[in-house]
Amino acid sequence: MRELWSKLAGSIKRRLRKNYHIYKGVLLPPRDSRYLREAYRSDKLFYESTVMEGIKFTQRLGVTDKTRILEIGCTTGRSFIGLVQKVPDIYYIGIDINQWNIDWCKKYLAKENPNYNFHYFDLKHVMYNPNGKIEMNENFRFPYETGYFDLVYATGVIPNYIDSEVLILLKDFNRMLKIGGRLFLTSFVEEDVPDMEENPENYLMTFTYPRQIVRYEKNFFEKLISEQGFRIDSFEHRTEIDFQSAYYLTKIS
Ligand SMILES: C[S@@+](CC[C@H](N)C(=O)[O-])C[C@H]1O[C@@H](n2cnc3c(N)ncnc32)[C@H](O)[C@@H]1O
């Protein structure tokens, strides 16, 4: 009986716990739900990273209130929070394969604004969603129209996929973009390494999960990108979170 009461009390406490933080007037997600949990426990550092994201959207990717944006792997809205500080009237869809993330974004970020959309996608992934119903195979598609978006944005998503899956993802990013549309992605990319390696030894961090990092050789990775109809506008080595590299791309075919 005592055990039951203590379970019940724990559950009530969890429900009553504040599920957000306010920093400089901006609503931020709970600390243990943030991408890079440890590094971003600090509201200040997390907030500053959202500001950098906002700058990237506007200054590097030319986002305006006319841009239709799809963010793949929005987690708990780090990029979105920075984006709406800069351009409040955007049309945005954030999709994620983690149900909790999307429930949180819907409750705290969507603000009943029909242009702010957060969608859960039940894709199977060994680390993020092992019981997902949708398989990543040659019939794979995100649930959006062809040629609809001006920008597909994917920070920290490609690193968890092997090359055959990256091909499937790139192909579908291409399908969803207009000609001339932009793709921003980050990846672990180096020179003088094997073409592809999962959780490479002595590389940046210790690994807890399968497929925590898939690292690519630069030429090999860029061939994958070009073959899917993208032009590489800019490559920036290790400029992103966790020493990932940035690719600014344009759909040309
Ligand atoms: C490392 S986090 C990225 C964090 C976020 N983009 C940011 O910069 O703060 C990876 C996120 O992508 C999601 N994810 C992984 N594969 C995905 C896919 N194919 N489609 C949508 N979301 C995906 C995971 O559930 C997780 O929330």
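Can you tell me which residue among R215, R211 is closer than 26 Å to Y40 by Cβ, surrounded by 12 or more Cβ atoms within 10 Å (Cβ to Cβ), within 16 Å of the ligand (Cβ to nearest atom) and at pLDDT 95 or above? Show your work before the answer.
Numbers: R211 fails: at pLDDT 95 or above.
Among R215, R211, only R215 is closer than 26 Å to Y40 by Cβ, surrounded by 12 or more Cβ atoms within 10 Å (Cβ to Cβ), within 16 Å of the ligand (Cβ to nearest atom) and at pLDDT 95 or above.
When residues of the range 155-174 are filtered for being surrounded by 19 or more Cβ atoms within 10 Å (Cβ to Cβ) and over 21 Å from P130 (Cβ atoms), how many remain? Final tally of qualifying residues: 4. Considering only residues in the range 24-56 that are among the small types (G, A, S) and more than 14 Å from the ligand (Cβ to nearest atom), the one that is farthest from T75 (Cα to Cα) turns out to be G25.
Scanning the range 205-228 for residues that are in contact with a helix residue (DSSP H, G or I) (Cβ under 7 Å, 6 or more places away or on another chain) and either of a type in the set (K, R) or more than 29 Å from N129 (Cα to Cα) (or both) yields a total of 1.
List, please: which pairs have Cβ atoms under 8 Å, are six or more places apart or on different chains, and start with a residue in the range 83-99 that is over 24 Å from Y120 (Cβ atoms) and end with one that is part of a strand (DSSP E or B)? Correct list of pairs: Q85/V26. Any chance the range 144-161 includes a residue that's over 23 Å from Y91 (Cβ atoms) and out of contact with any Phe, Trp or Tyr (no Cβ under 9 Å at 6 or more places or on another chain)? Within the range 144-161, one or more residues are over 23 Å from Y91 (Cβ atoms) and out of contact with any Phe, Trp or Tyr (no Cβ under 9 Å at 6 or more places or on another chain).
With respect to the stated conditions, F142 fails to be more than 10 Å from the ligand (Cβ to nearest atom) and touching a residue at least 24 places away in the same chain (Cβ under 8 Å). A residue that is under 28 Å from G62 (Cβ atoms), crowded, with 20+ Cβ neighbours inside 10 Å, more than 9 Å from the ligand (Cβ to nearest atom) and of a type in the set (G, A, S) occurs nowhere in the range 102-114.
Results for (1) of a type in the set (D, E); (2) within 14 Å of the ligand (Cβ to nearest atom), shown as yes or no for each residue.
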residue	(1), (2)
N160	no, yes
V193	no, no
E198	yes, no
F221	no, no
R231	no, no
F243	no, yes
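You will find that of F188, F184, the residue that is more than 26 Å from I90 (Cα to Cα), assigned to a strand (DSSP E or B) and within 14 Å of the ligand (Cβ to nearest atom) is F188 and no other.
For the range 176-196, the tally of residues that are surrounded by 13 or more Cβ atoms within 10 Å (Cβ to Cβ), farther than 15 Å from D242 by Cβ and out of contact with any Asp or Glu (no Cβ under 9 Å at 6 or more places or on another chain) stands at 2.
Quick check on my filter: what residues within the range 17-63 are among the polar types (S, T, N, Q) and either surrounded by 13 or more Cβ atoms within 10 Å (Cβ to Cβ) or modelled with pLDDT under 95 (or both)?
Within the range 17-63, the first condition is being among the polar types (S, T, N, Q), and the residues that meet it are 19, 33, 42, 49-50, 58-59.
Selection gives N19, S33, S42, S49, T50, T58.
When the range 57-77 is filtered for residues that are more than 10 Å from the ligand (Cβ to nearest atom) and of a type in the set (D, E, K, R), the ones remaining, listed by number, are R60, D65, K66, R68. For the range 68-83, check the following and say yes or no: at least one residue is more than 24 Å from L28 (Cβ to Cβ) and either buried (at least 16 other Cβ atoms within 10 Å of the Cβ) or among the hydroxyl-bearing types (S, T, Y) (or both). Yes, some residue in the range 68-83 is more than 24 Å from L28 (Cβ to Cβ) and either buried (at least 16 other Cβ atoms within 10 Å of the Cβ) or among the hydroxyl-bearing types (S, T, Y) (or both).
The values are calculated or read from the model by the stated rules, or taken from the named source; none is laboratory data. Values in this document were obtained by computation on a predicted structure and should not be read as measured data. Cβ: placed from backbone, ideal geometry, glycine included. Neighbour counts: every protein chain shown.
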